[in-house]
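Here is the structure we will look at.
What follows is calculated from the coordinates using simple rules that are stated; it is not laboratory data. Remember, it's a predicted structure, so these values are computed and weren't measured experimentally. Please note: Cβ atoms are built from the backbone with ideal geometry, for glycine as well, and neighbour counts cover all protein chains shown.
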Amino acid sequence: MTRRIWLAAAALLLIRSALAQPNEIRKSLCRINNTAQEFNYRVPWLPGQMSGGSGTGWLVKKDRLITNAHVVSNAKLLTVEKENDPKKYVATVEHIAHDCDLALLKVEDPDFWKDTVPLALGGVPEIESSVSVYGYPIGGERMSVTKGIVSRVDFRTYAHSVMDSHLCIQIDAAINPGNSGGPVLQSGKVVGVAFQGFSGDVAQNVGYMIPTPVIGHFLKDIEDGHYDRYMDLSLGTFPLLNTAHRRALGLPDDDRGVVVTSVGSASVCFGRVQPGDVLLKIDGLDIQSDGMVQLEGERVQMAEVAERKFKDDRVKFDLKRDGKILTAEVTFTHAWPYTHQATSYDPPKYVVFGGLLFQPLNRNLVTTYQFANPRIFHYFAHFIDEELYKERDEVIILTALLPDPINTYLDEFREGILKNVNGTAIRNIRELATAFAKAADEYVIEFEGIGRPLVLQRSDLEAARERIRKRYSVLHEQYLDDGAVQEQR
């Protein structure tokens, strides 16, 4: 990344502040060690490279730890350590939220919880107030404490997913690997979780913490045993700062309102809010002409109101449409379904057929393959704003060929975007697996922008199947994101 925002995915953290009794805080903290294994997008049926990292966790209640999602992502083995206790305890991830970079851990051994003290959550700290950040930086064995000043309350991108933006607090604290997930305290209460920052050649003493509204939202969401993800309005808006623009829309010069520019058909607002509407209030809060609202004493983006909602909650807009003042109520029936632009931490989905490797397009795939086909980048970048999801749920790419006599001279189809199989349009990887499972004398595979189809004969496929599997150690021919590998029939 050009700005070099880095997560101490082996663990990063800020640490600064002031708290009464550091010895008491030791009873709340633990060091987390993660033996991780990355997924292999080039050979998705084989395990990827092993790695390791460390971070910080703390007791959010009497028998649960909280930390950053990036500290425990791709974990094969998690161990936790307390100060003054030589034992390493095995921990497991109970809930993980990659969109807000938080995770809840449990430890089965009851000995771990002896002499531990949960930390209470506080509110959003004031600008220029002091905070203390606790953790285990740079692999240290003893707790570290540093102090910092709250310098900004903002709405910004969380680097773990690359795509999701939430409320974020900036502090002038040092950030060091090994401290991600540690608590930031003020007056004895947690006001945030340290999680990301800038490298020293970009900005000095600039770190960020996840504030308590986000922490509380995560904890509330998982109370039913399931994480529903953050809700999203999925609206495009334009500020109404220009006096002439406001006059043309018949608006008074009161610095209120933004105009809706787009409403995606997959948005929860579709059918309730329309392009051209002027949004004046959200849940009774005035929407200022720059898209901000006054919430709990802070000016925050309008999206923050939706951020605090949960699945099946509602939000009400006061809006102006065609010169009339109306109200529109929106129900958050689902989270935004298309997340391919975010970094994925799930196993890669794929289908191998006749030595052809098909995979859904996402950020991990783009990073791994560095595609040369500009059509792929167009689909990746404009899948949402051009509503390409109306044609397909996933963009399926022929990423590689496992060379065999059955697929000789087919290299021109590499990096092709799948269109249909035997005349049937393919919307996702599951439909592709179903199409290949149907008995047919031949399989005619068509791609976007390629004039001729790729054709495979069934008799050739049956003869080549075991040969290809053995030669390339294809342990499983499919993974369809249903929790189990599957074989072609």
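Structure above, values below:
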item	result
For segment 440-474 versus segment 292-324, the gap between their alpha-carbon centres in whole angstrom	52
Kirkwood Rh in Å, taken over all unlike Cα pairs in segment 5-222	16.8
Part-to-part distance (alpha-carbon centres) for segment 339-389 and segment 206-259, which is given in Å	29
Spacing of the two label points (7 Å from each Cα toward its C-beta) at VAL117 and GLU329, in nm	4.7
Ellipticity estimate at 222 nm from DSSP helix runs (n ≥ 4, -39,500 (n - 2.57)) divided over the chain, nearest 500	-3500 deg cm²/dmol
At R0 = 30 Å, FRET efficiency that the Cβ-Cβ distance of THR434 and GLU38 yields, to 0.05	0.55
Positive-end residue of THR424, VAL366, PHE238, charge dipole of the chain with Cβ unit charges	VAL366
Within segment 126-169: backbone nitrogen closer than 20 Å to the LYS189 label point (7 Å, Cα to C-beta)	126-134, 148-154, 167-169
Average Cα contact separation per residue, segment 272-392, under 8 Å, 6 or more apart, as relative contact order %	17
Overall form of segment 119-255 per C-alpha gyration tensor (a/c, 1.5; a/b vs b/c)	prolate
Fully extended contour minus Cα-Cα distance, from GLN49 to ALA248, at 0.36 nm per residue	65.7 nm
Volume of the Cα convex hull of segment 350-486, divided per residue and given in Å³	116
Segment 350-486: relative contact order as a whole-number percent, Cα under 8 Å and 6+ apart	27
Percentage relative contact order, segment 235-331, counting C-alpha pairs under 8 Å, at least six apart	25
Cα-Cα over 25 Å, subset of LYS281/LYS390; LYS76/LYS349; LYS316/LYS390; LYS106/LYS189; LYS27/LYS88; LYS349/LYS438	LYS281/LYS390; LYS316/LYS390
Karplus-derived HN-Hα couplings along segment 273-287 (A = 6.51, B = -1.76, C = 1.60, θ = phi - 60°), whole Hz, x at Gly and Pro	10, 10, x, x, 5, 9, 7, 9, 9, 10, 6, x, 8, 5, 8
HN-Hα J in Hz across segment 105-114 - Karplus 6.51, -1.76, 1.60, θ = phi - 60°, x for Gly and Pro	10, 10, 10, 6, 5, x, 5, 4, 7, 5
Cα shape, the chain, gyration tensor, a/c 1.5 rule	oblate
Convex hull volume per residue for segment 235-331, taking Cα atoms only, in Å³	90
Extension gain, LYS390 back to GLU24 (0.36 nm per residue minus Cα-Cα distance, nm)	126.2 nm
Stretch gain in nm, segment ALA266-ARG467, where the contour uses 0.36 nm per residue and the Cα spacing is subtracted	68.0 nm
Using a Förster distance of 22 Å, the FRET efficiency for THR367-ASP154 (Cβ separation, nearest 0.05)	0.25
Overall form of segment 109-171 per C-alpha gyration tensor (a/c, 1.5; a/b vs b/c)	prolate
